[in-house]
Structure formats: C-alpha cells, structure tokens
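J.: Handing you a structure now.
The values are calculated or read from the model by the stated rules, or taken from the named source; none is laboratory data. Quantities reported herein were computed from a predicted structural model and do not represent experimental measurements. Glycine also receives a Cβ, built like all others from the backbone with ideal geometry; neighbour counts cover every protein chain displayed.
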Amino acid sequence: MSAFRGSDILEIAVRIEENGENFYRYAMQLARDEEAKKIFANLAEAEKQHQKTFGRIFAAMEKENPPETYSGEYDAYLHDFVDNKIIFKKELMEAELAKVKDTLAAIDFAIQRELDSILFYHEIKKLVPAREHGVIEDVIDEERKHFKGLSNLRTRFAK
C-alpha cells in the first residue's frame, strides 16, 4: 500500500509554493541589496504561479477521502508536515537568510531551495502509486524550470 496519493502530493506542492511565496516576500523585506529585493520579488511571483499551476492539476484529479478519527485530520496532518518539516521552516530560513549579503548569495539561496524541492518530490514519488507518478513528474518539471531560470540568472550575475 502507498502512503500517499498523487492528489496528496499536489496538495503538499501547493502548500510548499504558498510557504515559498510567503518566505520570499519576507526575504524581500529583509534584503539590503536592491537587486536581491527584486530577485526575491520575482521568486515570490513565480511561487504564486506554481501554486496556480499545481492547483489546476489538483482540481482536475480524482480524490479519495482517507479514513479519519475526526473531520479534517488528514488535511491538518499534511499542512503541519509541510509547514514544519519541509524546505521553508521559518527558524532555519532566518538563520540562512542572515548569510545572504549580496545578489549572488540571494540567487544561490533560492537555487538551493529549488534543489531541496526537487529532491523532496523525487523521494516522495516512491510513496505514491506507480499509476500517479506522472503527476509527481509534472511537479518536478515545474521545479526544474524554476531551477533553470535561477541558474541562468546566476550565470548572468556571476560575470
């Protein structure tokens, strides 16, 4: 039996993107460098677009209601898991953000978040039924596009 369904992963993906958008908006406020502020603003907007993309895919999927002890238990678990365990945990991010002193460091920071997301989705894919792996691959492809854009931006700023 699989631990997650494709729809679960898409729900997690939407939540990760929400957290990412909020985090990048927070990072934009903390940034001292104007170029870094712009990069974080663009990243926040990209996360918002990812939310919409994943939300459309999620809305079109067939969903099952897992057995629950109380109404909303499963959703509460998924939200807590994402908010406190995956990628954008506030306490860890604040410590890492303190190290971002220039535009190149801001880009490197964002690249690492995208790589973390890609790794997470690759690992979670093992917990999803094989018939739903395509959905997870769609999520990974979106994250790869973001990574590629950031990598191109890094190349431009590194010159």
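For every residue, the table says whether it meets (1) of a type outside the set (Asp, Glu); (2) within 17 Å of Leu104 (Cβ to Cβ).
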position: Asp8; (1), (2): no, no
position: Glu18; (1), (2): no, no
position: Asn22; (1), (2): yes, no
position: Met28; (1), (2): yes, yes
position: Lys37; (1), (2): yes, yes
position: Lys48; (1), (2): yes, no
position: Gln51; (1), (2): yes, no
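J.: Now for a separate question. Please go through the stretch 1-47 and pick out each residue that is among the charged types (D, E, K, R) and touching a Phe, Trp or Tyr at 6+ places or on another chain (Cβ under 7 Å).
T.: Glu11, Glu17, Glu47
J.: Could I ask something else about it? Can you give me the number of residues within the stretch 90-107 that are within 16 Å of Phe23 (Cα to Cα), at pLDDT 75 or above and crowded, with 17+ Cβ neighbours inside 10 Å?
T.: Result for the stretch 90-107: 2.
J.: Which members of the stretch 14-34 meet the condition of being at pLDDT below 80 and among the aliphatic types (A, V, I, L, M)?
T.: Across the stretch 14-34, the qualifying residues are Ala27, Leu30, Ala31.
J.: Can you find even one residue in the stretch 137-156 that is charged (D, E, K, R), over 23 Å from Glu18 (Cα atoms), in a helix (DSSP H, G or I) and free of Cβ contacts under 8 Å to residues at least 40 places away in the same chain? First the steps, then the outcome.
T.: Quick first cut of the stretch 137-156, residues charged (D, E, K, R) only: 137-138, 141-145, 148, 154, 156.
Subset that is over 23 Å from Glu18 (Cα atoms): 154, 156.
Narrowing further to those that are in a helix (DSSP H, G or I): 154, 156.
Then drop every residue that is not free of Cβ contacts under 8 Å to residues at least 40 places away in the same chain, which leaves 156.
Yes, because at least one residue in the stretch 137-156 is charged (D, E, K, R), over 23 Å from Glu18 (Cα atoms), in a helix (DSSP H, G or I) and free of Cβ contacts under 8 Å to residues at least 40 places away in the same chain.
J.: Quick test of your reading of the structure: Tyr77 fulfils all but one of (1) modelled with pLDDT under 75; (2) assigned to a loop (DSSP other than H, G, I, E, B). Name the failing condition by number.
T.: For Tyr77, the exception is condition (2).
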